[in-house]
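The values are calculated or read from the model by the stated rules, or taken from the named source; none is laboratory data. The structure presented is a predicted model; accordingly, all values stated were derived computationally and were not measured. Reconstructed Cβ throughout: ideal geometry from the backbone, glycine too, with neighbour counts over all protein chains shown. Protein only, heavy atoms only, side chains kept; ligands, DNA and RNA dropped before computing areas. Shrake-Rupley method; radii C 1.70, N 1.55, O 1.52, S 1.80 Å.
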Amino acid sequence: MKTEKIICAGFGGQGILSMGQLLAYAGMDEGKHVTWLPSYGPEMRGGTANCHVILSQEPIDSPIISQATTVVVMNLPSLRKFEPYLESGGLLLINSTLVKEESGRVDVRTLRVPATQCAIDLGRDEVANMVMLGALLALTDVVEPDSVIRSFDKAFEHTTPELSELDVQAMKLGESLIK
Amino acid sequence: MAKVLMKGNEAIALAAIKAGCRYYFGYPITPQTELLEYMASELPKVGGVFVQAESEVAAINMVYGAAAAGGRVMTTTSSPGYALMQEGISYIAAAETPCVIVNISRGGPGLGNIQPAQSDYFQNTRGGGSGDYRLLIFAPASLQETVDLVQESFTLAQKYRMVVLISADGMLGQMMEPVDIKEVDSPEDEEKQWALTATEGKRPPRAIYSLYLDPVELEKANERLQANYEKVSKLEERYELLQMDDAQLVIVTYGSVSRIVKSAISLLAGEGIKVGLIRPISLWPFPKKAFEQIPDSAKGLLTVELSRGQMVDDVRIAAKGALPVHFYGRCGGMIPSPREIADEVKRILRGDKS
Amino acid sequence: MTVLFEKTSGLTDEPTIYCPGCSHGIIQRLVAEVLDELGLMDSTIGVAAVGCSVLSYNYFNCDMLGAAHGRAPASATGIKRVHPGKMVFTYQGDGDLASIGTAEIIHAAVRGEKITAIFVNNAIYGMTGGQMAPTTLLGQKTSTSPDGRKAESAGMPIRMCEMLATLEGAAFVERVAVNTPAHIRSAKQAIRQAFKTQQAGQGFSIVEVLSSCPTNWKLTPVAAMQWVEDQMIPYYPLKNFRTPGEAR
């Protein structure tokens with residue numbers, strides 16, 4: 001596996017930080033080196049949230065991503081802010097329910113996933129992040145979906161069996177959109 | 001304990017608790033607040049005491065009281081709060097009472113911002129309190145190193161009866177990384193022959209203070225402190241060296257930004273440019289010994305910091321004028337990319353910048 | 001020879017640095033006598049503040065900490081939290097407690113910290129040589145209020161007991177004086193009750209003691225005692241503000 005440098009970004013409350021944490025926990029579960037670095041402070045309150053997640057077979061030096069292998073954006077401001085970070089040939093995942101605009105990048109692989117709509121169809125728009133995560137895992141070999149599922153109780157402090165089941169459904173739905 | 005993925009601030013708190021810290025006094029300030037919150041929730045579970053003080057001024061003076069009373073005590077804060085603690089730190093240093101302080105620094109001066117910065121180097125190493133005193137200061141670069149140093153700090157604070165400061169920043173405080181936090185054998189502290197425990201009629205009263213109206217006595221007290229600092233400076237210099245063989249340039253950098261420098265060094269290696277690294281882990285004592293390892297191939301030194309060059313003087317002193325000392329830094333929460341640092345190295349090697 | 005009176009074992013034999021006619025000696029003796037009589041001297045840790053009483057760690061016959069200016073209640077908090085079973089007291093002047101250390105004393109009371117504060121109010125900064133204190137009376141001349149304290153620029157003198165008595169955590173609050181034998185006897189009773197409040201774990205306790213400073217007031221010791229009676233007591237009434245268990 002090559003070193004994966006993933007930026008997740010969106011509104012505060014869209015589960016951006018949890019999405020990144022799930023990747024980090026799952027990576028650690030698989031014996032990889034991982035770092036997770038969030039944006040923090042007042043900008044998160046009602047504003048944008050983002051996190052940088054790195055998974056590697058080698059020890060990780062900088063936890064800050066200047067060239068991302070993957071960028072996941074859940075809203076328009078995040079697309080504009082983070083698409084420049086993507087390396088040429090990198091993967092750009094866009095939440096097409098909320099982002100009607102196109103990316104300006106033509107040298108990357110762009111996939112539009114109606115994550116929020118799928119989550120609403122499942123009855124809970126908070127799981128849009130899990131739909132996105134499912135899609136991401138179907139497109140790449142960052143971590144195994146099972147490792148992510150095993151990490152639910154670590155990343156979600158107050159999860160319940162019902163919520164976990166919904167999260168799994170959301171991930172599977174995301175995966176099915178790709179396959 | 002197996003590796004767990006933890007946020008830096010929480011990992012520091014857990015490491016301290018596992019190292020036997022039972023008294024914590026603090027005040028909320030970003031970006032260290034999770035540490036305070038973790039202590040509030042976890043310390044009482046092990047029979048410890050958490051007090052949210054009315055200010056950092058009060059917090060450090062509570063630490064002074066608890067340390068004088070023989071407690072294994074800690075406080076944590078961030079730059080402006082650390083500034084408020086300077087008076088109390090001077091008293092604690094003068095009284096030779098052990099404690100551990102963590103400064104998760106942020107951008108300054110003034111209120112600045114809450115992003116990662118290293119502009120507390122002066123405040124950390126030179127201090128703002130009155131008098132001739134020193135702190136033993138460690139600046140870790142990874143969360144594993146952070147938790148290991150936090151735990152060792154409690155031992156060293158007791159051993160040398162001095163303040164041990166962990167200097168980190170918002171990047172280390174906020175990021176998550178796997179850590180293995182050891183269970184330190186519950187330190188059965190030896191009877192502290194100096195601690196204020198009340199006489200119980202078994203010994204003469206003890207007094208801990210820093211007032212010496214007689215200059216002869218005050219000078220003697222200073223000499224005792226300095227003898228201790230001398231010992232610490234001989235024994236506790238710590239540093240990491242990387243790729244020093246045939247290095248054309250050696251970068252001196254510490255803490256969070258050293259990780260970015262390492263990425264830059266890898267980039268440069270890919271372009272056939274050999275750059276070495278000296279990473280001070282102890283900021284005081286400053287690791288002068290590391291500079292004896294600089295190879296003849298090196299044309300200069302480059303100090304990289306998240307400040308406007310506060311460490312440069314120490315690097316110059318350690319280099320003893322043998323090599324030119326260059327500086328590259330960003331501040332105010334701006335963080336250089338590995339490419340920016342690599343470009344700076346190339347400029348220096350080309351001679352574009354003196 | 002029959003021994004009729006002995007100095008309390010709660011004080012050391014160290015000669016004090018206090019000026020003739022200063023009340024610190026009386027107040028320290030009362031504190032020491034009370035702790036001695038309650039059998040608590042050996043289980044007490046005191047905190048000396050900054051001011052004329054800065055050297056009190058040499059006078060009290062128990063473990064003592066020398067605190068930073070104004071911070072004695074914070075340091076006493078640290079000690080008490082490590083040794084909850086011991087008696088912990090601070091001995092502070094008015095500059096220390098009512099000016100630079102207002103935050104610390106108020107929040108120790110807010111927390112109901114189980115410590116006892118002995119607050120020596122002589123309406124002036126003694127050690128630095130007679131500057132205006134927050135407790136300096138209106139019209140009182142000091143080196144920094146040469147024409148007398150004026151309300152327009154310096155405000156009115158601060159009444160700490162009245163302020164602290166508004167806090168739920170302050171279990172015992174009383175103001176006393178030591179300018180007459182009768183007042184000294186009452187002062188000792190208040191100090192005893194304050195320590196008993198701490199011993200019973202009922203919360204924060206403070207005794208404000210109106211004290212004399214003949215040197216900086218530029219009065220004879222006898223006139224200074226009279227000045228306490230005539231000038232201070234009318235503005236700082238001697239009374240109990242709070243006692244544990246009493247309705248508020």
Can you list, bin by bin at 20 Å, the percent of alpha carbon pairs in the protein assembly as shown, starting at 0? 15, 39, 29, 15, 2, 0
Taking amide H positions as placed in the peptide plane 1.01 Å from N, state which residues far from B:Tyr209 in sequence (5 or more) or on other chains have amide H under 5 Å from it. C:Gly66
Against the 2.2 N^0.38 Å scaling, with N counting residues, where does region B:1-130 land? I'd like the Cα-based Rg ratio to two decimal places. 1.02
On a C-alpha basis, how far is the centre of region A:74-116 from the centre of region B:1-80 in Å? Whole number, if you could? 42
Would you please classify the overall shape of region C:103-169 from the alpha carbon gyration tensor, given that a ≥ b ≥ c denote the square roots of the eigenvalues, rounded means a/c under 1.5, and beyond that prolate means a/b larger than b/c while oblate covers the rest? prolate
To the nearest 0.05, how large is the calculated FRET efficiency for C:Glu162 and C:Asp230 if R₀ is 22 Å and r is the Cβ-Cβ distance? 0.60
Inverse of <1/r> over all distinct C-alpha pairs of region B:240-350, i.e. the Kirkwood Rh in Å, gives 13.6
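Inside 10 Å of the C-beta atoms of C:48-58, what's the mean count of C-beta atoms belonging to other chains?
Going residue by residue through C:48-58 and averaging, the value is 2.
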More than 26 Å apart: what percent of Cα pairs in region C:24-242 qualify? 28
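Between Rg and the Kirkwood Rh of region B:15-66, both from Cα atoms, what is the Rg to Rh ratio?
0.95
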Go through region C:91-100 residue by residue and turn each phi into a ³J(HN,Hα) via Karplus (6.51, -1.76, 1.60, θ = phi - 60°); whole Hz please, and just put x for glycine and proline. 10, 10, x, 6, x, 5, 7, 9, 10, 5
Output field shielding_mean for B:334-344 (other chain Cβ, 10 Å radius) holds 2
Counting only protein heavy atoms and using a 1.4 Å probe, what share of the accessible area of the protein assembly as shown belongs to carbon plus sulfur, as a whole percent? 52
Over all directions, the average projected area of the alpha-carbon convex hull for region B:114-226 comes to how many nm²? 10.2
Quick one: what are the phi-derived ³J(HN,Hα) couplings along region A:5-22, Karplus 6.51/-1.76/1.60 with θ = phi - 60°, whole Hz, x for glycine and proline? 10, 10, 10, 10, 8, x, 6, x, x, 8, x, 5, 5, 5, 4, x, 5, 4
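Let me know the volume per residue of the alpha-carbon convex hull for region C:89-216, in Å³. The partial results should precede the final answer.
Details: hull volume 12.5 nm³, N = 128.
With only Cα atoms used, region C:89-216 gives 98 Å³ per residue.
As an exercise, identify the GluC sites (Glu not before Pro) in region B:246-354 lying in DSSP coil whose Cβ has no more than 14 other Cβ atoms within 10 Å.
B:Glu271
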Residues whose placed amide H lies under 5 Å from that of A:Ala68, excluding near-sequence neighbours: A:Leu86, A:Glu87
Can you find, among B:Phe138, C:Ile45, C:Ser145, the residue farthest towards the positive end of the dipole of the protein assembly as shown? Put +1 on the C-beta of Lys and Arg, -1 on that of Asp and Glu. C:Ser145
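Based on alpha-carbon atoms only, what is the radius of gyration of region B:4-235 relative to the globular estimate 2.2 N^0.38 Å?
Details: Rg = 17.1 Å, N = 232, 2.2 N^0.38 = 17.4 Å.
So the Cα radius of gyration is 0.98 times the expected 2.2 N^0.38 Å.
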Quote the FRET efficiency, to the nearest 0.05, computed for C:Thr220 versus C:Ile17 with a Förster distance R0 of 25 Å and r equal to the Cβ-Cβ distance. 0.80
Over what distance in Å are the Cα centres of region B:266-321 and region C:198-248 separated? 63
Taking placed amide H atoms and a strict 5 Å upper bound, the residues 5 or more places from C:Asn122 or on another chain that come that close are C:Asp94, C:Ser211
Estimate the FRET efficiency between B:Glu200 and B:Ser55 by the formula 1/(1 + (r/R0)^6), using the beta-carbon distance for r and 35 Å for R0, to the nearest 0.05. 0.55
For region B:4-235, give me the percentage of DSSP beta bridges that are antiparallel, rounded to the nearest 5 percent. 15
To the nearest 20 debye, what is the magnitude of the charge dipole of the protein assembly as shown about its Cα centre, counting +1 on the Cβ of each Lys and Arg and -1 on the Cβ of each Asp and Glu? 1140
Once you average over the residues of A:81-93, how many Cβ atoms of partner chains fall within 10 Å of each Cβ? 0
Positive-end residue of A:Ile7, A:Ala119, A:Gly104, charge dipole of region A:4-178 with Cβ unit charges: A:Gly104
Charges only on Cβ, +1 for Lys and Arg, -1 for Asp and Glu: so what's the dipole of region C:24-242 about the Cα centre, in debye to the nearest 20? 180
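Report the local net charge at B:Ala322: Lys and Arg +1, Asp and Glu -1, summed over other residues whose C-beta lies under 12 Å from its C-beta. Please report the intermediate quantities before stating the final value.
Numbers: positive: B:Lys299, B:Arg316, B:Lys320; negative: B:Glu292, B:Asp296.
With Lys, Arg at +1 and Asp, Glu at -1, the net is +1.
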Explain nothing, just compute: Karplus ³J(HN,Hα) = 6.51 cos²θ - 1.76 cosθ + 1.60, θ = phi - 60°, for every residue of region B:123-133 in order, whole Hz, x for Gly and Pro. 4, 6, 8, 9, x, x, x, 7, x, 8, 9
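Can you give the extra length, in nm with one decimal, that the chain gains between B:Val216 and B:Lys45 once fully stretched, where that is 0.36 nm per residue apart less the Cα-Cα distance?
56.8 nm is the gain from fully extending B:Val216 to B:Lys45.
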Under Stokes-Einstein, with the Kirkwood radius over Cα pairs standing in for Rh, what whole-number D in µm²/s applies to region A:118-179 at 20 °C and 1.002 mPa s? 186
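Could you give me D for region A:4-178, from Stokes-Einstein at 10 °C and 1.306 mPa s, where the hydrodynamic radius is the Kirkwood radius over C-alpha pairs? Units µm² s⁻¹, please.
Result for D is 101 µm²/s.
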Please report the antiparallel percentage of DSSP beta bridges with both residues in the protein assembly as shown, rounded to the nearest 5. 30
In chain A, once you exclude exposed GluC sites (Glu not before Pro) (DSSP loop, at most 12 other Cβ within 10 angstrom), what's the longest stretch remaining? A:1-100
Would you mind getting the accessible area per residue of the protein assembly as shown, heavy atoms of the protein chains only, 1.4 Å probe, in Å²? 38
Given N residues in region A:51-151, what is Rg(Cα) / (2.2 N^0.38 Å)? 1.10
Using just the Cα positions, wrap region C:164-248 in a convex hull and report its mean projected area in square nanometres, one decimal place. 6.0
Could you pull the Rg and Dmax for region B:46-87, using just the Cα atoms, both in Å? 10.5, 31
